[in-house]
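Working notes, beginning with the structure itself.
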Amino acid sequence: MLALPDSRRGAVSIVALNPPVHYWLERQGIAAKRPEDYYTEDDLEAFGFALLDVIEQVSTVVDEAILRHAEGFRAHDLKVGSLLWYELKLLINSVAVPFFITEKVIASEKPGRVFYFGTNPESVPSFLGYVEESPWSHAIPVVCNTMEVQCAEQISVGSQGHAKTMLQQASQGPKRRLPNQATGISAVGRLRSVLARVMSAQSWTTQSTPRNGHLPVLVTLSTGYSMKHVVDLLRESHEMEVVRLSPRTPAVVQSLVPTRKSNPLDAVVASSYKAQLTDVWESTRVDERLKRLLTFSGGSFAGVVEKRLGHVFSHVAPDMFRIAVQTEETVRRLRPAAMVATTMLYPERVAMHTARRLGIPTVVYLHGATGGVVLMETHGNFIKYHTDLLWSDWAFTFGEGDSQYYRRYYPDAAKPVSVGSAELDELRMRTVSNREKQEGRKSLGLDSDIPTIFYVPTSMDGHLRPIPARGRSPSLMFEIERAIADVCGQFSHFQFVFKLHAAHMESAIVEYIEDKGYSNCKVTRQPFRGILPLADTFITDFPSTAFLEMLTTDRPILFCGHELPQKFNPEKWHPSILPMWKERVLYAEQLDEFLEMLRDFLRKGDFTPVKSSDEMLRLFGTHLDDGRSAERAVTELKKIIQAHTQAQRNDVEGAKDAVAVTRPPKS
């Protein structure tokens, strides 16, 4: 964004909207501000909590519009907006955050004119947010128009040469090559493909153990994460038939159960809903209530999101209907005793909701950190609530800390059962020989004998920035990353690995390390689980699943809590007062404090294994820490299935008794 306070050529202020752009400008000697210079994290957090009510109401508008006009959705109690709450949250957050920040920038700078980079449209991903298309490029002109400031689009995504020329002419800086994403509006193609594979509407296939009509049937919607260990144990036991309904390819849902018994009318009905609901959207988009919900002081973003909201009506809702109908058919054909899932995207939510409606017990085996390790005394995890707990009867958690957390904030949702994470068990029990460790380090370009420290930064959110209780902003993360890199570069007798997330935006830290010549710092995107044993010490900055994985080792952990958006309660629940933190983790709240703590740790060079009670790992990771989490999950599933089977028998016996009582006596 280029803000020109008057018509003079030299009066230019530049706001760099992401770290790669800001760092490139810095290298040219061009002064630029960041979005964070115009607001505080607390401001954005408060805005995020206010948006939660907006998201609820938008979900209600979607539900009411579809249920009013589509009889099939009423018959299946299919509330599209409620089932799609998380995706709607991503969409609204993706647009509302740029609106919020742009308004702050304009109010502060008071420009006479604003120049901004444009963007090209993209196909709507099923999670509804933005990947390559820039919501900033939509927010800036709307806010400028509302605040009566002239603005002009300069360039569209992909024209990096023109963008470079424009920046150089505006600043009269030296000519240097722009990095990927220099326009500040394009995300990585790799991120798009990862999200497409993981979050798009799914086609489904069926796999099962050999049919045995005498065994109870368990339907599992996924075999990832800890569920793969559970499924293996169940199949080995031969005590039940396990039927897997699994997402496979990023395509429109074709068939949940592709057998000759599938009703071809399902596809016809779903297709007819596409046309009908497209018409419903045309009337909904002009609904005054929806317009009011999508309007803030910076202007209305209804026009920005209408393409994606329209996609909900024309594509997502018909997919949901098809999944519901075909799940219903599956339940009636297989008569399962339970349904279990772990990754709860909208296809799984619809299937679980339908199973529950038909009286089938549903279980979600949670697959990641709850945040309870930080938020126990602050607020609940509303994302897990809407994606997992609402659609399940039971929730298998990683430990009693998780279970207490959910019981406290969501007593009427899924019943939490502490079993532990089978994935963390696997890491906990794994042993690596010195030879394997040396070979692993060599594969990363490391010296096999030099002490090695892994830093695992939080993934940058890019355009997919959910608020509140989300990760830090990309710019703030880059500030932390480069500060840590500067300390690492001072200790050349150690080696450091910056382990970026596989879906991490193109981080400026890669180029920063190269520019600084920190030859003892390597960058990798390899899966963390695979290289975890290679570290002598860990550095982290967020209580993510990677943090739990670090806790499975006995290696020292240094935690940077600088401006952590997820807030500890300072009086009741904070690393400075909790024994489970103090015995296991070196924690600092402010960046300067953390950097000094890191320097002191590296000066001492003591990488001795940490002795602790592992209370935090047990409460939020491995429960009893005995390596038997999968077995506990199997035991709990058997209890649920046995109770359901017995209830069915009682119903049958009750029906027989009723017939016997009412049947007239024989003559």
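Numbers at a glance
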| quantity | calculated |
| --- | --- |
| Out of GLU36, GLU103, GLU71, GLU87, sole residue that is of a type outside the set (S, T, N, Q) and out of contact with any helix residue (DSSP H, G or I) (no Cβ under 7 Å at 6 or more places or on another chain) | GLU71 |
| Residue check, GLU41 charged (D, E, K, R) and in contact (Cβ under 8 Å) with a residue 24 or more places away in the chain | yes |
| Condition met for LEU476 (touching a Phe, Trp or Tyr at 6+ places or on another chain (Cβ under 9 Å), modelled with pLDDT under 95 and farther than 17 Å from ARG555 by Cα) | no |
| Residue match in the stretch 121-135 (condition: within 20 Å of the chain's Cα centre (by Cα), among the β-branched types (Val, Ile, Thr) and within 18 Å of PHE313 (Cβ to Cβ)) | yes |
| Entirely in the stretch 478-549, the strands (runs of 3 or more DSSP E) that have 2 or more residues that are farther than 24 Å from ALA588 by Cα | 521-524 |
| Only listed residue being at pLDDT below 95 and either of a type in the set (Asp, Glu) or more than 15 Å from GLY298 (Cβ to Cβ) (or both), chosen from SER82, SER59, SER123 | SER123 |
| Cβ pairs under 8 Å, 6+ apart, first in the stretch 421-444 and within 27 Å of THR223 (Cβ to Cβ) and open to solvent by less than 100 Å² (accessible area, probe 1.4 Å), second among the polar types (S, T, N, Q) and at pLDDT below 95 | SER421/SER226; ALA422/SER226; GLU423/SER226 |
| Enumeration of residues in the stretch 567-582 that are open to solvent by less than 40 Å² (accessible area, probe 1.4 Å), at pLDDT below 95 and either of a type in the set (S, T, N, Q) or out of contact with any helix residue (DSSP H, G or I) (no Cβ under 6 Å at 6 or more places or on another chain) (or both) | ASN569 |
| Check on LEU591, closer than 19 Å to GLU481 by Cα, surrounded by fewer than 20 Cβ atoms within 10 Å (Cβ to Cβ) and touching a residue at least 40 places away in the same chain (Cβ under 8 Å) | yes |
| Subset of the stretch 354-382 (residues that are under 30 Å from GLN648 (Cβ atoms), over 21 Å from the mean Cα position of the chain (by Cα) and not polar (S, T, N, Q)) | ALA355, ARG356, ARG357, LEU358, GLY359, ILE360, PRO361 |
| Boolean, THR119 is touching a residue at least 12 places away in the same chain (Cβ under 8 Å), polar (S, T, N, Q) and open to solvent by 10 Å² or more (accessible area, probe 1.4 Å) | yes |
| Residue in the stretch 78-88 that is open to solvent by 10 Å² or more (accessible area, probe 1.4 Å), basic (Lys, Arg) and free of Cβ contacts under 8 Å to residues at least 40 places away in the same chain present | yes |
| Number of positions in the stretch 28-54 that are more than 30 Å from GLY81 (Cβ to Cβ), modelled with pLDDT under 90 and surrounded by 19 or more Cβ atoms within 10 Å (Cβ to Cβ) | 0 |
| Hits in the stretch 608-637 - residues which are closer than 17 Å to THR220 by Cα and open to solvent by 50 Å² or more (accessible area, probe 1.4 Å) | GLU631, THR635 |
| The stretch 213-225, subset surrounded by fewer than 24 Cβ atoms within 10 Å (Cβ to Cβ) and not hydrophobic (A, V, I, L, M, F, W, C), residue nearest to SER421 (Cα to Cα) | TYR225 |
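Okay, residues lined up against (1) out of contact with any strand residue (DSSP E or B) (no Cβ under 8 Å at 6 or more places or on another chain); (2) modelled with pLDDT of 95 or more; (3) farther than 20 Å from MET550 by Cβ:
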residue	(1), (2), (3)
GLY371	yes, no, no
ILE383	yes, no, yes
SER392	no, yes, yes
ARG408	yes, yes, yes
LEU446	no, yes, no
TYR455	no, yes, no
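The values are calculated or read from the model by the stated rules, or taken from the named source; none is laboratory data. All values reported here derive from a predicted model rather than from experimental measurement. Cβ: placed from backbone, ideal geometry, glycine included. Neighbour counts: every protein chain shown. Accessible surface areas use protein heavy atoms only, side chains included; no ligands, DNA or RNA. Shrake-Rupley method; radii C 1.70, N 1.55, O 1.52, S 1.80 Å.
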